[in-house]
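Nothing in this text is a laboratory measurement; each read-out follows from the coordinates by a stated rule. Model, not experiment: these values are computed from the prediction. Here the Cβ is made from the backbone with ideal geometry for all residues, glycine too, and neighbour counts use every protein chain on show.
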Amino acid sequence: MEQPYPSALLEKAVSEFSLLPGIGRKTALRLVLHLLKMSVDEVETFTQALHRLRTDVKYCRVCHNISDTDVCNLCASPRRDASTVCVVENVQDVMAIENTQQYNGLYHVLGGIISPMEGVGPGDIEIDSLEQRVKDGGIKEVILALSSTMEGDTTNFYISRKLSPYGVKLSVIARGISVGDEIEYTDEVTLGRSILNRTAMNE
């Protein structure tokens with residue numbers, strides 16, 4: 001039987017920390033006890049950062065990446081190749097690809113992939129806004145950089161059908177990434193080569 005906590009406030013804090021992914025109650029307790037050792041000012045700075053993260057962080061109105069402004073620094077940069085858009089599942093994938101330093105185009109964050117088993121359909125992710133970006137013109141190539149899973153391939157196929165009327169070049173990242181692997185966990189060298197060695201969608 002689990003030992004009772006000496007403080008209801010401690011137990012409440014542990015319960016809240018344990019809601020985070022990958023954080024069990026033992027780890028949560030260690031984190032909370034560490035906070036108790038910090039100064040009041042340090043804890044105040046920590047909590048303010050979390051509060052501002054939740055209230056002030058925006059999503060770029062162009063690519064849906066996390067941003068401090070309405071348009072993220074990648075979309076606003078004149079040094080990026082605006083004719084190429086890399087489609088990814090989530091924000092972590094943007095960061096993973098950026099870390100390779102092998103890609104200089106723009107992004108489009110879907111916010112998920114099509115997964116009927118989990119009740120996620122095309123209308124639940126940012127496919128319509130991707131189609132609108134292509135329809136608006138200026139985009140010559142769309143790189144589909146989704147995980148090599150059945151759901152990722154299903155999403156690739158759906159997007160390719162939606163974009164086919166616009167004559168834009170469609171490519172997928174090379175399969176240096178093992179089937180079933182998630183983009184964000186792929187090493188930078190493999191991921192970078194997969195972007196550089198991408199292939200046309202119809203191949």
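Using the alpha carbon gyration tensor of region 8-56, what are the three equivalent-ellipsoid semi-axes (square root of 5 times each eigenvalue), largest first, in whole Å?
Largest first, region 8-56 gives 19, 15, 9 Å.
Which one of Val142, Gly119, Gly152 is farthest out on the positive end of the charge dipole of region 115-155, using unit charges on Cβ (Lys, Arg +1; Asp, Glu -1) and the Cα centre as origin?
Result: Val142, furthest along the dipole toward the positive end.
Once you list every other residue whose beta carbon is under 15 Å from the beta carbon of Arg52, what net charge do they have if Lys and Arg are +1 and Asp and Glu are -1?
With Lys, Arg at +1 and Asp, Glu at -1, the neighbours total -1.
Relative to the longest principal axis of the C-alpha atoms of the chain, give the angle of the C-alpha long axis of helix 25-37, reported between 0 and 90° and rounded to the nearest 10°.
It is inclined by approximately 70 degrees.
Hey, rough spin-label estimate for Thr149 and Arg25, points 7 angstrom out along Cα→Cβ, what's it come to in nanometres?
Inter-label distance under the simple model: 2.9 nm.
Antiparallel as a % of all DSSP beta bridges within the chain, to the nearest 5?
About 30 percent, rounded to the nearest 5.
Give me Thr27, Thr45 sorted ascending by neighbouring Cβ count inside 10 Å, so fewest comes first.
Fewest-to-most ranking of Thr27, Thr45: Thr45, Thr27.
Arranged by the count of other C-beta atoms within 10 angstrom, fewest first, what order do Lys12, Lys37 take?
Numbers: Lys12 12, Lys37 8.
Placing the least packed residue first, the sequence is Lys37, Lys12.
Just add up the charged neighbours of Pro116: K/R +1, D/E -1, any other residue whose Cβ is under 12 Å from the Cβ of Pro116.
With Lys, Arg at +1 and Asp, Glu at -1, the net is -3.
May I ask for the angle, rounded to the nearest 10°, between helix 91-100 and the longest principal axis of the chain, with both axes built from Cα atoms and the value confined to 0 to 90°?
That works out to roughly 70 degrees.
How far is helix 40-56 tilted off the main Cα axis of the chain, in degrees rounded to 10, range 0 to 90?
Between the helix axis and the principal axis of the chain, the angle is about 30 degrees.
Over the chain, what is the relative contact order in percent, taking alpha-carbon pairs closer than 8 angstrom and at least six residues apart?
15 percent
Name the lysines eligible as straight-distance cross-link partners of Lys26: C-alpha to C-alpha under 27 Å, and not fewer than 8 places from it in the same chain.
Once the sequence-local lysines are set aside, what remains near Lys26 is Lys12, Lys37.
Please give every one of the lysines within straight-line cross-link reach of Lys140, meaning a C-alpha to C-alpha distance under 17 Å, and leave out same-chain neighbours fewer than 8 residues apart.
Leaving aside lysines fewer than 8 places away in the same chain, those within reach of Lys140 are Lys162, Lys169.
Express in nm, to one decimal, how much length is gained between Lys140 and Arg161 on full extension, taking 0.36 nm for each residue of separation and deducting their alpha carbon distance.
Separation in residues times 0.36 nm, less the Cα-Cα distance, equals 5.9 nm.
Rounded to the nearest 500, what is the 222 nm mean residue ellipticity of the chain from helices alone, with -39500 (n - 2.57) per DSSP H run of 4+ residues and division by all residues? If you can, show how the numbers build up before the last one.
Values: 8 runs with 86 residues, N = 203.
Calculated at 222 nm, the ellipticity per residue is -12500 deg cm²/dmol.
Each residue of region 148-163 in turn: what ³J(HN,Hα) in whole Hz from Karplus with 6.51, -1.76, 1.60 and θ = phi - 60°, glycine and Pro shown as x?
With the stated coefficients, region 148-163 comes to 7, 10, 4, 5, x, 5, 4, 5, 4, 5, 5, 5, 4, 5, 5, 8 Hz.
Compactness ratio of the chain: Cα Rg over 2.2 N^0.38 Å, N = residue count?
For the chain, the normalised Cα radius of gyration is 1.25.
Which of Gly24, His51, Met38 sits farthest toward the positive end of the charge dipole of region 8-56, with +1 on the Cβ of Lys and Arg and -1 on the Cβ of Asp and Glu?
Gly24
Placing one identical point scatterer on every Cα of region 101-174 and ignoring solvent, what is log10 I(q)/I(0) from the Debye formula at q = 0.16, 0.18, 0.22 Å⁻¹?
-0.56, -0.71, -1.05
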